[in-house]
Amino acid sequence: GNEGGIRLYLTEIMDIIPKAMESGKWSVKAQAARAMGTICTKLGGTINPSVQKRIAALLIGALAGRTWAGKECIIRSLQDLVVYGGDGVAANLQDKSGDASLETLLEALFKECKKEKVEYKVVALVTTATIINHINKDLFKELYDIVSPHMKGSNPSEDAQPQESEDKEDKENDLKLQEAIITSLGLAWPANVNTQKMFAIEMLDRMETIVGATTRKNQECVAIALGRIMQKWKEPSDINTSQASGQLCEDVFSRAARILSTLLLVPKFGDLRTKTLKVLGTVIKLLVDSKRASLVYIFRDEISKSLDGVIKDLGSDPAIKTTARDLKAA
């Protein structure tokens, strides 16, 4: 319904929803969860804190137990609660009294991220990472520990014909999960320097292995995730005195360059090149700001041939060629 109607009848709606959430019918439970999501999106941060807590408690409680058809509606509604609730909902859920808190919400979501059903796991991962990104909390390690066993080094060629339909379905599920993992790790990437130092190389190595042997859609996910990583990248404070920190920066930028080079050389996909060039612009700005010639040389050596390839490609969009020339001259 509309915002005015929801606000007017919110008390009555909140009396009905708990009963619906206890229904033995999955469709009714899913509908009740969606209704709470609608309340959150329409009323946003204007919802009374006690009602916010009650919605959170109902949704968190409903996550317990096995996966059923439509259960992903609960997770999506939790995302709506946090994202549309503004700063107030995060502050409200910091209070650990009652049945719902930020801690119990995240604990419940991480549990759902471990579920086996791929379609459900995909929603759980991306939703959880979106919430982590929104509340600006460093929980990268917790998420990485869940997904790292599923980060396969490569995938079969898109052109390979599976011998059995079951094999084809497995491959499709692998690619859906790969997309969710890349997306969620990009969203959850923190600004915390210590966490960055701990995971940057491993994360970039995984992405480099994946990027050359996956679908175009997932390559776009890699480009976006790399962009998020580089946007938050912070130069270690001891870079002038620590050889290890200097080496870390060189390794990060050389790996980023190799990933970008692979993406730029993918033909006939303008959207992918546009996203990749945008990330390249971010990395070049970081290099300019760092004022470190060694990093610039390392990066330029890796990326210049790929930019030449984009510029010379007869199939490239003129605007993309112009961007590539500008970045090469930067």
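The values are calculated or read from the model by the stated rules, or taken from the named source; none is laboratory data. In this text, all values refer to a predicted model and were calculated from it rather than measured experimentally. Here Cβ is always computed from backbone atoms with ideal geometry, including for glycine, and neighbour counts include all displayed protein chains. The protein model used for the area step is the full one, side chains on, heavy atoms only, and it has no ligands, DNA or RNA in it. Shrake-Rupley method; radii C 1.70, N 1.55, O 1.52, S 1.80 Å.
Here are the numbers for the structure shown:
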item	result
Computed accessible area, Tyr297, all protein chains, 1.4 angstrom probe, square angstrom	140 Å²
Zone of Lys111's modelled label, taken as backbone nitrogen in region 33-73 under 12 Å from a point 7 Å along Cα→Cβ	60-67
Within the accessible area of region 157-267 (1.4 Å probe), percent carbon and sulfur	44 percent
Nearest-20 debye value, region 183-295 charge dipole, Cβ charges on Lys, Arg, Asp, Glu	420 debye
Fraction of accessible area attributable to carbon and sulfur, region 274-330 (%, probe 1.4 Å)	58 percent
Rounded tilt (10° steps) of 193-211 against the dominant C-alpha axis of the chain	70 degrees
Only Lys, Arg (+1) and Asp, Glu (-1) charged, at Cβ; the chain dipole about Cα centre in debye	580 debye
The chain: angle of helix 243-264 to the longest principal axis, Cα-based, in degrees nearest 10	90 degrees
Cα-Cα pairs of the chain separated by more than 28 Å (percent)	51 percent
Separation of the Glu172 and Asp15 label points, Cα + 7 Å toward Cβ, nm	4.6 nm
Paramagnetic label zone (point 7 Å from Cα along Cα-to-C-beta, Arg34; backbone N under 17 Å) in region 48-82	68-81
Segment Ile239-Ala329, length gained on full extension (0.36 nm per residue, minus Cα span)	29.7 nm
Degrees, to the nearest 10: 216-232 long Cα axis against longest axis of the chain	90 degrees
C-alpha center-to-center spacing [region 19-48, region 274-296] in angstrom	45 Å
Accessible area per residue in Å² at 1.4 Å probe, computed on the chain	50 Å²
Extension gain, Glu22 back to Arg7 (0.36 nm per residue minus Cα-Cα distance, nm)	3.0 nm
Region 32-135, accessible surface, carbon-and-sulfur percent (1.4 angstrom probe)	51 percent
